[in-house]
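S.K.: Below is one structure. I have some questions about it.
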Amino acid sequence: MKFRMWLLSAAVTTVLGLAVGRLQAQIAINASDMFNVVGQYYLAHANKVEVDVSGRLGFPGGPQAWDFQSGPQAAVFRFDYVAPADAPAASTFPEASFVERKTDLSDGNQAWMYLAQVPGRGRMNHGFHDPSFSATMPSSPFVPPLLDFPDAISFGDKWSGSTTFDSEISFQDLGGGDDLGGGLLFTIPVRINLAASATADAHGIVSQPGIGFGECLRVNELTQYDIAVDLGLGDGYQTISTQFVRNYYWLRKGRGIAVQITSRQLDTPPPDDFAIAAAFVRMYETNHPDGTVTVPVIRDLRIVLQKDGALLTWTKASGIASYRVESTTDPARPGSWTALQTTTSNFIVDKTANAPGHPIRFYRVVGLAN
């Protein structure tokens, strides 16, 4: 339902008119707001070294405003959404329907994340291909795939998931080669168990360079990595370390992950209000539709008072099927509005208005699109 709202008040001797912006329910992020269409892209400023984010993370709840117009610009990342056939190792990720290709424009390094948008469920992450993570084993499928963002997200929503992926640690001879004539001495298989829990814990407005401001949800995600290695001694994988990372994602209508701030990797869970970030990424350009909904406008709203009551008139708008007129004596009090009449015409008469001793009454006219 789309609607535009106007307020008027009627008293014995005064008339007050006030136009009010479009009423919105609390923001919800849907699949269409995320990047899941081949051909979409975005550019983002980022840091190269750890940065101080003291006072920039905000607080649970809202509404609040986050100003990310300023921030690190040492690196620029380009994220392109491509078909699996245009990414390496596509056969390793047969269930992926699109791929996020991340390019560091300063050095040309690339990494790929294999994804699928599942209706009614959300975005499934099938793993990654990243030579900088492991030169000898760059492809790491997730078993099972990980739900990273649900199909629809509202303030207060929570979700979690876990997966496992394999990689390798390579040890090289930096002194000129080994007895076999190569620089690679040996590799150790690595198995990482990943468990993540996320909450859409805050909401408000986020402001970014290049693309202005818009409504957003903040997602607070804690990720745990249990790292195990197989030393080839016959006893399988043995856990050698557990590491934690906290990610904040600002999800914006039509912009997906508009800003991301990631903590240092620590042996214990980072606090919610960590001060030092390992990553601070801010979108500043994209070809993703902005998600703005065109809302029909009710124009020329007028009120005429006389002893017989109040006449409210307005100009009909294309795309509006009917109009609901409501009133209250206290527009600031939640739940105080009462419906007077619903009509397909462009006027109503409130015969109870302007009666002796009647308190000032505020009106609002809501245009209903369906």
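Read-outs throughout are calculated quantities, based only on the coordinates presented, and are distinct from any laboratory measurement. Here the structure is a predicted model, which is why all the values come from computation and not from measurement. With ideal geometry, Cβ positions are generated from the backbone for all residues, glycine too; neighbour counts draw on all protein chains shown.
S.K.: Thinking of region 28-286 as a set of Cα atoms, what percent of all their pairs are more than 29 Å apart?
M.R.: The proportion of pairs with Cα distances above 29 Å equals 33 percent.
S.K.: R0 = 22 Å: FRET efficiency of I205 with R264, Cβ-based, nearest 0.05?
M.R.: Calculated value: 0.20.
S.K.: Something else: Which residue, F149, F186, F93, has the most motion in a Gaussian network model of the chain that connects Cα atoms within less than 10 Å?
M.R.: F186
S.K.: How much length, in nm to one decimal, is gained on full extension between D308 and F59, taken as 0.36 nm per residue of separation minus their Cα-Cα distance?
M.R.: Length gained between D308 and F59: 84.4 nm.
S.K.: Taking R0 as 25 Å, what's the FRET efficiency between T92 and D52 from their Cβ-Cβ distance, rounded to 0.05?
M.R.: The value I calculate is 0.05.
S.K.: Using a cut-off of 15 Å between beta-carbons, work out the net charge of the residues near I153 (Lys and Arg +1, Asp and Glu -1, I153 not included).
M.R.: 0
S.K.: Taking R0 as 35 Å, what's the FRET efficiency between S322 and D67 from their Cβ-Cβ distance, rounded to 0.05?
M.R.: My answer for the efficiency is 0.30.
S.K.: Springs between alpha-carbon pairs under 10 angstrom, Gaussian network model over the chain: which of V219, V349, V190 fluctuates most?
M.R.: The residue with the greatest mean-square fluctuation here is V349.
S.K.: Among G55, G309, G214, which one moves the most in a GNM of the chain with springs linking Cα atoms closer than 10 Å?
M.R.: Comparing G55, G309, G214 in a Gaussian network model of the chain, the most mobile one is G309.
S.K.: Below 15 Å, Cα to Cα, which aspartates and glutamates can K316 reach? Residues fewer than 8 away in the same chain don't count.
M.R.: Straight-distance partners of K316: D300.
S.K.: Moving to a separate point now. Which lysines does K48 reach when only Cα atoms under 17 Å apart count, and residues fewer than 8 places away in its own chain are ignored?
M.R.: Partners within reach: K102.
S.K.: To check you understand DSSP bridge types, tell me what percent of the beta bridges within the chain (both residues inside) are antiparallel, rounded to 5.
M.R.: Approximately 95 percent, going by the DSSP bridge assignments.
S.K.: Continuing with this model, one more query. Mind checking the full-extension length gain between S170 and Y225? Use 0.36 nm per residue of separation minus the Cα-Cα distance, one decimal, nm.
M.R.: Working it through step by step, the gained length comes to 17.9 nm.
S.K.: Right, here's the next one. How many nm is it between the label spots at D235 and A85, if each spot is 7 Å from the Cα in line with the beta carbon?
M.R.: Distance between label points: 5.0 nm.
S.K.: On to the next question. Among F165, F35, which comes first, second and so on when ranked by fewest other beta-carbon atoms within 10 Å?
M.R.: F165, F35
S.K.: Please compute the modelled spin-label separation between V118 and V38, points set 7 Å along Cα→Cβ, answer in nm with one decimal.
M.R.: Simple spin-label model gives 2.2 nm for this pair.
S.K.: Give the relative contact order (percent, whole number) for the chain; include only Cα pairs under 8 Å separated by 6+ residues.
M.R.: It rounds to 19 percent for the chain.
S.K.: Let me ask something additional. Could you check the simple spin-label distance between I360 and F133, using points 7 Å along Cα→Cβ, in nm with one decimal?
M.R.: 6.2 nm
S.K.: Then there's this: Students often check this: by mean Cβ neighbours within 10 Å, which of 249-255, 206-212 ranks highest, and how do the rest follow?
M.R.: Result, highest mean first: 249-255, 206-212.
S.K.: Same structure, new question: How would you rank 131-143, 234-246, highest first, on the average number of other Cβ atoms within 10 Å across their residues?
M.R.: Peptide ranking by packing, descending: 131-143, 234-246.
S.K.: On a full-extension model of 0.36 nm per residue, what is the gain between A74 and D272, subtracting their alpha-carbon distance, rounded to one decimal in nm?
M.R.: Taking 0.36 nm per residue and subtracting the Cα distance, the gain is 68.7 nm.
S.K.: If the reach is capped at under 15 angstrom between alpha carbons, list the aspartates and glutamates near K307, excluding any in the same chain fewer than eight residues apart.
M.R.: D350
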